[in-house]
Ligand code: 13P
């Protein structure tokens with residue numbers, strides 16, 4: 001089986017572009033995971049219906065349905081056709097101040113609604129330079145200790161995304177990714193997440209995807225900017241086999 005390619009479209013695209021991209025990928029029989037913005041979920045669901053593509057959302061409310069203006073509940077995401085959801089992306093941890101306590105509530109809600117979480121972890125540049133990268137990643141993964149063993153097996157993936165590599169064009173080297181994936185995999189094994197895939201994310205492009213996919217312990221890629229264009233996404237997916 002090939003490795004996983006997950007596309008995080010972040011706050012990009014409009015319905016026409018999302019439909020075109022998703023339909024092309026579906027028509028080619030690809031099995032990528034797509035994470036469009038909320039307003040694009042229905043469009044992408046329609047375009048990928050009956051295909052091997054999987055649909056996920058980029059965030060989930062920590063609350064159940066109710067008076068929470070602007071929030072999108074886990075049940076609403078399921079209703080929109082999502083089967084997965086990103087939790088803990090660094091853009092939310094850092095720009096939106098999401099704490100591990102909040103992330104835990106989001107994980108609980110997602111799991112209760114039957115959504116498979118994709119937990120993102122990764123250190124900042126300052127943390128790496130201070131020699132704390134391993135501890136940060138271990139601590140972020142440790143959040144799942146507060147979940148039942150059965151819940152931990154429901155994650156669709158964990159993604160190691162060093163914050164300094166996201167959107168910077170400066171991807172982790174194969175050695176850096178390999179070292180952190182070794183550590184994260186060992187940690188996940190002890191947490192009862194031995195069967196959960198571990199993805200790498202951060203400035204993945206067609207010209208570095210092959211090298212990153214070849215790293216032992218990299219089960220796939222979480223792609224941001226390069227997932228917005230059909231050609232680059234196809235190239236990366238082809239490399240993933
Ligand atoms: P880029 O590929 O644009 O660096 O984004 C990575 C990412 O954050 C995926 O979740």
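We did not get these values from a lab; they are worked out from the coordinates using the rules stated. Everything numeric here is computed off the predicted structure, so don't read it as measured data. Positions of Cβ are generated from backbone atoms using ideal geometry, with glycine treated the same way; all protein chains shown enter the neighbour counts.
Structure notes:
- Convex hull per residue volume in Å³, alpha carbons only, for the stretch 30-99: 92
- For the peptides 12-19, 42-49, the ranking by mean Cβ contacts within 10 Å, running from highest to lowest, is 42-49, 12-19.
- Relative to the globular-protein estimate of 2.2 N^0.38 Å, the Cα radius of gyration of the stretch 80-222 stands at 0.99.
- Size-normalised alpha-carbon gyration radius of the stretch 175-241, reference 2.2 N^0.38 Å: 1.16
- Summarised as an ellipsoid, the chain has semi-axes of 25, 23, 16 Å, derived from the eigenvalues of the Cα gyration tensor scaled by 5 and square-rooted, with the largest first.
- Fully extending the segment from residue 205 to residue 108, taken as 0.36 nm per residue of separation minus the present Cα-Cα distance, adds 31.6 nm.
- In the chain, helical runs assigned H by DSSP with n ≥ 4 each contribute -39500 (n - 2.57); averaged across all residues and rounded to the nearest 500, the mean residue ellipticity at 222 nm is -12000 deg cm²/dmol.
- In this simple spin-label approximation, residue 190 and residue 216 carry label points 7 Å from Cα along the Cα→Cβ vector, and these lie 2.0 nm apart.
- Ranking of 235, 148 by neighbouring Cβ atoms within 10 Å, starting from the fewest: 148, 235.
- The value given for the stretch 107-169 is a Kirkwood hydrodynamic radius of 12.8 Å, derived from the mean inverse Cα-Cα separation.
- Order of 65, 237 - criterion: other Cβ atoms within 10 Å of each residue's Cβ, fewest first: 65, 237
- Potential lengthening of the chain between residue 130 and residue 52 amounts to 23.8 nm, from the contour at 0.36 nm per residue minus the alpha-carbon distance.
- Computed label-point distance, nm, for sites residue 71 and residue 138 using a 7 Å Cα→Cβ extension: 3.4
- Cα shape, the stretch 151-191, gyration tensor, a/c 1.5 rule: oblate
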